[in-house]
């Protein structure tokens, strides 16, 4: 499936809230998000506040949201060298169709092209989110961390999670700098 990505506009607020509140996000701390919580998040700048941008993933041939990416920890302007993170949610029935790979490649290009002071781009995921871990690896991210029992789910269970990152230099050179865990 081919996609197109657009930056979220405030006129799309109702569509965003409907998409996120009707989905099931298995590997997130809150797998079901209420409309009320999303309204509160929206009003607080969670999607569009300082240091944060949100993008809608759409089918290339239709104007329907099939995924959402939230880019955050961008800092206070393009000169800030804070390390950005992201969150991605893809419609359940469309997972496993290459959308995540396309979207993460696009987002990585976006970060390093538009934020020249960003030296790295990071993300974490639950240890059992094998599909996302494969997406990271496919898109040039390297596993850098393993956090034991750091990710709670809605029922209070705790999972290990993993941290991945891509360096600007690796993105530019299309390489992967392996982490030396023994030093």
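So which residues in region 99-109 are in contact with a strand residue (DSSP E or B) (Cβ under 9 Å, 6 or more places away or on another chain) and surrounded by fewer than 18 Cβ atoms within 10 Å (Cβ to Cβ), if there are any at all?
If the condition is that a residue be in contact with a strand residue (DSSP E or B) (Cβ under 9 Å, 6 or more places away or on another chain) and surrounded by fewer than 18 Cβ atoms within 10 Å (Cβ to Cβ), then 106 is the only one that fits.
Filter region 16-38 for residues that are closer than 18 Å to residue 93 by Cβ, surrounded by 15 or more Cβ atoms within 10 Å (Cβ to Cβ) and touching a residue at least 40 places away in the same chain (Cβ under 8 Å) and give the result.
Those that are closer than 18 Å to residue 93 by Cβ, surrounded by 15 or more Cβ atoms within 10 Å (Cβ to Cβ) and touching a residue at least 40 places away in the same chain (Cβ under 8 Å): 19, 20, 23, 25, 27, 28.
May I ask you to say which residue of 15, 26, 41 is out of contact with any helix residue (DSSP H, G or I) (no Cβ under 6 Å at 6 or more places or on another chain), under 23 Å from residue 132 (Cβ atoms) and part of a helix (DSSP H, G or I)?
Among 15, 26, 41, only 41 is out of contact with any helix residue (DSSP H, G or I) (no Cβ under 6 Å at 6 or more places or on another chain), under 23 Å from residue 132 (Cβ atoms) and part of a helix (DSSP H, G or I).
Scan region 125-148 for residues that are in contact with a strand residue (DSSP E or B) (Cβ under 8 Å, 6 or more places away or on another chain) and buried (at least 19 other Cβ atoms within 10 Å of the Cβ) and jot them down.
Passing the criteria: 125, 126, 132, 136, 139, 140, 141.
Residues to consider are 47, 112, 86; find the one that is in contact with a helix residue (DSSP H, G or I) (Cβ under 8 Å, 6 or more places away or on another chain), part of a loop (DSSP other than H, G, I, E, B) and surrounded by 13 or more Cβ atoms within 10 Å (Cβ to Cβ).
Matching residue, one of 47, 112, 86: 47.
Looking only at region 89-98, count every residue that is loosely packed, with under 14 Cβ neighbours inside 10 Å and part of a helix (DSSP H, G or I) and tell me the total.
2
Over 20 Å from residue 57 (Cβ atoms), in contact with a helix residue (DSSP H, G or I) (Cβ under 7 Å, 6 or more places away or on another chain) and buried (at least 16 other Cβ atoms within 10 Å of the Cβ): does that describe residue 151?
Taking the combined requirement at face value, the residue does not satisfy it.
Quick one: count up the residues across region 130-150 that are more than 20 Å from residue 84 (Cβ to Cβ) and touching a residue at least 12 places away in the same chain (Cβ under 8 Å).
The total comes to 3.
Within the bounds of region 52-60, is there any residue that is out of contact with any strand residue (DSSP E or B) (no Cβ under 6 Å at 6 or more places or on another chain) and at pLDDT below 95?
no
Quick one: what pairs do we get from region 72-92, first residue in contact (Cβ under 8 Å) with a residue 40 or more places away in the chain, second crowded, with 19+ Cβ neighbours inside 10 Å and assigned to a loop (DSSP other than H, G, I, E, B), C-beta under 6 Å, 6+ apart or different chains?
Every condition considered, the pairs that remain are 74/84.
Can you find a residue that is surrounded by fewer than 18 Cβ atoms within 10 Å (Cβ to Cβ), modelled with pLDDT under 95, more than 18 Å from the chain's Cα centre (by Cα) and part of a loop (DSSP other than H, G, I, E, B) anywhere in region 161-174?
no
Does residue 66 satisfy the condition of being closer than 22 Å to residue 162 by Cβ and touching a strand residue (DSSP E or B) at 6+ places or on another chain (Cβ under 6 Å)?
No: the conditions fail for residue 66.
Restricting attention to region 51-81, and to residues there that are surrounded by 14 or more Cβ atoms within 10 Å (Cβ to Cβ) and over 18 Å from residue 8 (Cβ atoms), which single residue is nearest to the chain's Cα centre (by Cα)?
75
The values are calculated or read from the model by the stated rules, or taken from the named source; none is laboratory data. Since the model is a prediction, treat every value here as computed from it, not as a measurement. Reconstructed Cβ throughout: ideal geometry from the backbone, glycine too, with neighbour counts over all protein chains shown.
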